[in-house]
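**Q** Can you keep this structure in mind? I'll have questions shortly.
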Amino acid sequence: MKDIVIIDYGIGNLRSVYKGLEHTGASVSITGDPEKILAADGVILPGVGAFADAMKNIEDLKGVLAECADSGKPMLGICLGEQILMDRSEEGRPTSGLGLIHGNVLRFPPSRLKIPHIGWNSIQITQEHPLLVDIPDGSYVYFVHSYYVDTTQENILAACEYGVTFAAAVVNGPGNVMGTQFHPEKSGDIGLKILHNFVKMC
């Protein structure tokens with residue numbers, strides 16, 4: 001049984017992510033303890049709220065997360081958790097992120113579309129990766145966000161259209177640090193399959 005840790009840093013809907021991971025058969029815990037994070041088979045970084053607040057709250061765990069990433073341990077950021085994996089965000093005041101995946105977090109440009117982007121939208125898979133095994137191209141997943149990740153094509157696992165084309169799922173060069181802008185735990189069977197794939201990677 002895989003030991004999956006959901007990082008508790010004061011921001012995020014931890015219970016819904018916990019329940020989603022329970023369906024995978026993994027042993028799931030919620031903690032901010034560095035030793036437990038380092039000992040886990042895989043790490044989930046959730047997040048709901050403002051980028052700057054998230055970075056302030058996670059300051060004491062930056063070194064631990066960098067160590068996890070360097071070790072090859074699978075890590076998955078969800079929603080704001082994906083965004084803080086990046087280099088920086090323009091939300092509020094410009095704020096540096098964890099820098100585990102290169103790219104920036106930008107606000108959706110003004111358009112006829114409502115911001116935040118809330119609801120179901122389809123994703124286009126742009127490269128093969130264990131996280132998206134058996135996920136059909138064009139699958140619908142659930143989003144809630146006003147800012148999006150802008151990164152290079154090599155870091156994009158799946159894209160989505162909402163006024164602009166943005167990264168719906170991202171990955172670092174070695175392939176172990178991943179993020180989804182959408183909420184797998186709220187995305188029905190497709191989302192549960194993605195969580196199952198993550199656990200399988202661990």
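**Q** Please work out whether the stretch 46-130 counts as rounded, prolate or oblate from its C-alpha gyration tensor, where a ≥ b ≥ c are the square roots of the eigenvalues and a/c under 1.5 means rounded, while otherwise a/b larger than b/c means prolate and anything else oblate? Don't skip to the answer; put the middle values down first.
**A** Details: a/c = 2.17, a/b = 1.28, b/c = 1.70.
Oblate shape, in that a/c is at least 1.5 and b/c is the bigger or equal ratio.
**Q** Related question: Within the chain, what is the longest stretch that has no GluC sites (Glu not before Pro) placed in a DSSP loop and near at most 14 other beta-carbon atoms within 10 Å? Can you show the working numbers first?
**A** Details: sites that count: 90, 128.
Excluding the exposed sites themselves, the longest stretch runs over 1-89.
**Q** Hydropathy first: keep DSSP H helices in the chain averaging at least -1.0 on Kyte-Doolittle, then drop any whose Cα extent along the axis falls short of 15 Å, and list what survives. Walk me through the numbers before you get to the answer.
**A** Numbers: long enough: 188-201 (20 Å, 0.48).
Length and hydropathy pass: 188-201.
**Q** Over 5 Å intervals from 0, what percent of Cα-Cα pairs in the chain sits in each interval?
**A** 1, 8, 18, 22, 23, 17, 8, 2, 1, 0
**Q** Here's a follow-up. Round to a whole number: what % of the accessible area of the stretch 50-117 belongs to carbon and sulfur, probe 1.4 Å? Let's see the in-between values first.
**A** Numbers: 1560 of 3280 Å².
Ligands and nucleic acids excluded, carbon and sulfur reach 48 percent.
**Q** I'd like the accessible area for residue 2, computed on protein heavy atoms only with a 1.4 Å probe and all protein chains in place. Round to 10 Å², please.
**A** Roughly 80 Å² of residue 2 is accessible to a 1.4 Å probe.
**Q** Tally Lys/Arg at +1 and Asp/Glu at -1 over every other residue whose Cβ is under 10 Å from the Cβ of residue 167; what's the total?
**A** Values: positive: none; negative: 82, 150.
Computed value for this residue: -2.
**Q** How many Å² of accessible area per residue for the chain, probe 1.4 Å?
**A** Details: 8930 Å² over 202 residues.
Per-residue value: 44 Å².
**Q** Moving to a separate point now. Would you compute, from DSSP H runs of 4+ residues alone, the mean residue ellipticity of the chain at 222 nm, taking -39500 (n - 2.57) per run and dividing by the full residue count, rounded to the nearest 500? Please list the in-between numbers first.
**A** Details: 6 runs with 50 residues, N = 202.
Computed ellipticity for the chain at 222 nm equals -7000 deg cm²/dmol.
**Q** To the nearest 0.05, what FRET efficiency results for residue 122 and residue 19 with a Förster distance of 25 Å applied to their C-beta separation?
**A** Numbers: r = 25 Å, r/R0 = 0.98.
Efficiency, rounded to the nearest 0.05: 0.55.
**Q** How much accessible surface does residue 96 have with a 1.4 Å probe, in Å² rounded to 10?
**A** Roughly 80 Å² of residue 96 is accessible to a 1.4 Å probe.
**Q** Report residue 23's accessible area, 1.4 Å probe, all protein chains in place, as a number in Å² to the nearest 10.
**A** Accessible area of residue 23: about 140 Å².
The values are calculated or read from the model by the stated rules, or taken from the named source; none is laboratory data. Because the structure is predicted, anything quoted here is derived from the model rather than measured. In this analysis, Cβ positions are derived from the backbone assuming ideal geometry, glycine residues included, and neighbour counts consider all displayed protein chains. These accessible areas exclude ligands, DNA and RNA; they are computed on the full protein's heavy atoms, side chains included. Shrake-Rupley method; radii C 1.70, N 1.55, O 1.52, S 1.80 Å.
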